[in-house]
There are 2 protein chains.
Amino acid sequence: MATIRDLARRCGVSVATVSRVFNNPDAVTRETREAVLRAAALLGYTPSAPARTLATKRSRMVGLAWDTGHRGPGWRHPFLQELLVGLKTALSERGYHLLMLATGEDADGHLRAVRRHSLDGVVFIDDGTADPALTRLAESGVPCVSLDRPVTGRRATYVTSDNAGGAGAAVRHLYERGRRRIATIAGPGRTHPGAERLAGYRAALAALGLPLRDEYVVEGDFYLGGGHAAMRRLLALDECPDAVFAAGDEMAVGAVRAALEAGLDVPGDVAVAGFDDIEPASLVRPALTTVAQDRAGFGAAVAAALISMIDDPDAAAPPPTVLPVRLVVRETSGPPRAG
Amino acid sequence: MATIRDLARRCGVSVATVSRVFNNPDAVTRETREAVLRAAALLGYTPSAPARTLATKRSRMVGLAWDTGHRGPGWRHPFLQELLVGLKTALSERGYHLLMLATGEDADGHLRAVRRHSLDGVVFIDDGTADPALTRLAESGVPCVSLDRPVTGRRATYVTSDNAGGAGAAVRHLYERGRRRIATIAGPGRTHPGAERLAGYRAALAALGLPLRDEYVVEGDFYLGGGHAAMRRLLALDECPDAVFAAGDEMAVGAVRAALEAGLDVPGDVAVAGFDDIEPASLVRPALTTVAQDRAGFGAAVAAALISMIDDPDAAAPPPTVLPVRLVVRETSGPPRAG
DNA sequence: CGGTTTCATGTAACCGGTTACAGATAAATC
DNA sequence: GATTTATCTGTAACCGGTTACATGAAACCG
């Protein structure tokens with residue numbers, strides 16, 4: 001491995017000059033710069049990241065605090081892969097890398113990892129449940145961006161979808177398809193998307209002049225079984241809904257299944273709309289009407305927020321990013337049974 | 001941030017002693033060690049990773065070369081999330097971290113990243129298509145472990161599932177359910193799982209004494225549309241199969257759909273089995289019989305292979321790990337229509 | 001033309017660890 | 001008690017960069 005001194009000697013310049021070629025090219029004569037770059041290419045020289053980090057205290061790495069386990073190890077992000085691709089791509093365009101932080105250790109493991117590696121920032125992905133350790137990290141001054149979860153901290157912000165707007169769009173869509181008794185299977189209230197989607201549902205009903213019935217709001221757990229159980233409760237009501245907005249696709253699939261099992265037709269007797277546009281949504285029959293999030297946009301937005309804070313060490317955190325969503329109409333929200 | 005010298009001064013010992021406390025505790029008196037550890041806890045001291053890397057040339061980080069894009073950006077790993085969790089967990093237990101490598105740059109970007117960050121090893125995740133840059137990396141001497149893709153290189157090995165065995169199990173299962181005209185929708189032959197699953201299908205037919213008919217082997221692309229199209233071709237045959245083993249679940253779902261569209265009953269007229277046990281497999285109706293892989297085991301196996309190579313710098317690569325698979329019987333392989 | 005600026009470059013300290021080697025002390029051996 | 005050996009600790013060089021400051025040359029100026 002060639003070092004900066006090898007390169008300097010070979011070019012007959014000082015190490016400072018070589019360093020400048022890579023960090024502040026304009027401070028060096030064009031000829032010198034080109035000679036150094038040529039020699040670098042020849043020797044296969046690449047500046048050592050740890051050495052640079054040691055000297056500058058900036059690692060050009062951001063940590064990924066990806067915790068599963070609050071809601072059980074079974075928790076899965078609906079589109080982790082696209083998220084990571086987007087994040088990785090956007091970060092790498094700016095010269096940053098993603099370091100996956102280990103879960104476990106003690107509660108402050110992440111904070112220690114940040115100091116250990118001189119991380120420039122941290123991204124949280126979790127199930128939206130507040131974790132005191134993450135909160136402390138966000139308040140420690142390290143630039144932090146979380147997904148779908150409000151955070152406090154001078155240099156902490158978050159990225160989320162327009163959950164309320166998407167829920168509203170789904171409800172309006174059901175209304176336009178002639179439904180008037182629109183229920184919801186909500187997500188857990190302690191999660192941000194769960195709470196926001198419920199708020200959006202309520203707001204939309206109010207805007208449409210529909211009554212808000214308590215019995216039409218059932219809380220689920222974002223999982224298939226929860227959606228199934230919730231739907232059974234809704235179907236047992238005296239005045240059973242003719243449409244259901246489920247705050248998550250898995251719950252929506254469970255709801256459809258419960259309706260079919262009860263001998264109802266979907267969408268004939270009851271229409272269903274979900275949220276997230278998970279892969280199975282288009283694979284099940286009837287295919288699920290749902291609200292799709294801007295998957296690629298998430299990663300890019302996280303990277304943008306993070307880098308803006310990193311670049312300006314004493315700027316306050318940018319306001320939360322709210323990404324637009326898009327209603328995807330499929331089969332479960334078809335027209336009601338004639339008559 | 002407390003440094004090793006702060007700690008040394010505070011404890012009245014030398015930096016060497018402090019260093020030893022963390023790296024070679026037995027070389028230090030118990031009293032001294034405990035005093036240092038106490039002080040470390042008090043000051044919140046954590047050894048700096050970059051400084052350590054600089055001095056030792058070992059970063060305790062492994063790169064994740066996760067390339068999408070060969071088979072198009074749409075390529076998705078069937079269980080990336082479990083894979084990453086397993087990998088991250090297994091690595092962190094041994095004190096290693098995962099650094100996500102950026103795609104793009106020029107072809108040798110990964111190799112440069114390895115040198116830049118003094119990475120101790122690299123994990124490949126891709127769609128199984130050979131990429132010359134990765135091959136070069138594997139042959140460069142860096143410990144490499146790839147997923148579902150044979151690699152050459154003195155310190156390179158791979159982890160895969162028992163693809164042939166799983167395919168055989170699926171075929172035998174269909175046979176036991178009374179099927180005799182068993183076709184397959186294969187994956188692309190250039191991918192390792194595609195080739196292996198086809199081999200397993202062939203071996204099983206031979207072992208069961210069933211004839212091997214060329215027209216019963218149709219190559220798909222692992223996607224829904226490919227499975228659908230392949231099934232249509234199979235159904236158009238003079239003697240149409242009564243069972244289909246699809247080498248991937250998405251193709252299996254497409255095949256089921258094509259059969260249903262043709263007015264056939266699944267499994268009454270034609271049984272279907274898939275491979276991978278993707279999430280939708282249990283969500284579609286009829287639910288898909290498939291071969292499940294050891295999702296958690298993958299990450300652990302990769303970490304084990306990698307660390308064994310890292311720990312012993314001049315050992316050859318361990319042999320490939322082949323993880324057992326498990327047949328998951330659901331509805332699409334039910335009994336044939338009576339009569 | 002002397003004095004001031006500007007610009008490109010070099011020198012050397014520093015970032016925070018590890019570790020070879022030497023030195024000191026205590027234990028073991030004869 | 002002297003000598004050897006084992007055990008613990010310290011000194012200082014080194015890993016490969018960055019950067020404050022100094023230096024010297026060229027450009028500019030009245």
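The values are calculated or read from the model by the stated rules, or taken from the named source; none is laboratory data. Please read all numbers here as calculations on a predicted model, not as lab measurements. Note that we place each Cβ from the backbone using ideal geometry, even for glycine, and neighbour counts take in every protein chain shown. Areas reflect the complete protein model, heavy atoms only, side chains present, ligands, DNA and RNA absent. Shrake-Rupley method; radii C 1.70, N 1.55, O 1.52, S 1.80 Å.
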task = Kindly check whether there is at least one residue in the range B:243-255 that is touching a strand residue (DSSP E or B) at 6+ places or on another chain (Cβ under 7 Å) and farther than 17 Å from residue B:328 by Cα.
result = yes
task = Kindly establish whether residue A:2 is within 16 Å of DNA strand D (Cβ to nearest atom) and not in a helix (DSSP H, G or I).
result = yes
request  = Among the residues of the range B:8-56, write down those that are more than 11 Å from DNA strand D (Cβ to nearest atom), in a helix (DSSP H, G or I) and surrounded by 14 or more Cβ atoms within 10 Å (Cβ to Cβ).
outcome  = B:10, B:22, B:37, B:39, B:40, B:43, B:49
message = Considering only the range A:161-176, I want to know if a residue exists there that is assigned to a strand (DSSP E or B), at pLDDT 95 or above, on the phi < 0 side of the Ramachandran plot and open to solvent by less than 10 Å² (accessible area, probe 1.4 Å).
response = yes
request  = Identify the residue in the range A:211-225 that is acidic (Asp, Glu) and closer than 16 Å to residue A:191 by Cα and, among all such residues, is farthest from the other protein chains (Cβ to nearest Cβ).
outcome  = A:219
ask   = Between a first residue in the range B:16-32 that is within 14 Å of chain A (Cβ to nearest Cβ) and a second residue that is near DNA strand C (Cβ under 6 Å from one of its atoms) and not in a helix (DSSP H, G or I), which pairs have beta carbons less than 9 Å apart while being 6 or more apart in sequence or on different chains?
value = B:22/B:47
task = State which residue pairs qualify: first residue touching a residue at least 60 places away in the same chain (Cβ under 8 Å) and farther than 13 Å from residue A:96 by Cβ and inside the range A:42-61, second residue in a loop (DSSP other than H, G, I, E, B) and within 8 Å of DNA strand D (Cβ to nearest atom) in any location, beta carbons under 7 Å apart, and separation of 6 or more residues or different chains.
result = none
task = Tell me, please, whether a residue that is more than 14 Å from chain B (Cβ to nearest Cβ) and acidic (Asp, Glu) can be found in the range A:137-145.
result = yes
task = Kindly indicate whether any position in the range A:65-74 is closer than 19 Å to residue B:108 by Cα and in contact with a strand residue (DSSP E or B) (Cβ under 9 Å, 6 or more places away or on another chain).
result = no
inquiry  = From the list A:200, A:227, exactly one residue is closer than 17 Å to residue A:266 by Cβ, in the same structural domain as residue A:281 (by TED's automatic domain parsing) and in a helix (DSSP H, G or I). Which is it?
reply    = A:227
ask   = Any idea how many residues of the range A:108-136 are in a loop (DSSP other than H, G, I, E, B) and away from every other protein chain (no Cβ under 14 Å)?
value = 4
message = Is it the case, given these coordinates, that residue B:225 is more than 30 Å from residue A:52 (Cα to Cα), modelled with pLDDT under 95 and over 22 Å from the mean Cα position of the chain (by Cα)?
response = yes
task = Considering only residues that are at pLDDT below 85 and within 7 Å of chain B (Cβ to nearest Cβ), look in the range A:62-102 and name the one that is nearest to the chain's Cα centre (by Cα).
result = A:76
message = If I filter the range B:307-314 for residues that are of a type in the set (Gly, Ala, Ser) and open to solvent by 10 Å² or more (accessible area, probe 1.4 Å), do I get at least one hit?
response = yes
request  = Given the conditions (1) open to solvent by 40 Å² or more (accessible area, probe 1.4 Å); (2) in contact with a Pro (Cβ under 8 Å, 6 or more places away or on another chain); (3) without any contact (Cβ under 8 Å) to a residue 60 or more places away in the chain, report the number of the one that residue A:139 does not fulfil.
outcome  = (2)
message = Looking at the structure I just gave you, is residue B:232 open to solvent by less than 40 Å² (accessible area, probe 1.4 Å) and more than 21 Å from the chain's Cα centre (by Cα)?
response = no
key: Pair list, Cβ < 6 Å and 6+ apart or interchain, from the range A:273-297 residues that are at positive phi to residues that are buried (at least 24 other Cβ atoms within 10 Å of the Cβ) and part of a loop (DSSP other than H, G, I, E, B)   = A:276/A:248
remark   = Going through the range B:235-252 in order, the residues found to be open to solvent by less than 10 Å² (accessible area, probe 1.4 Å) and not small (Gly, Ala, Ser) are B:241, B:244, B:245, B:249, B:251
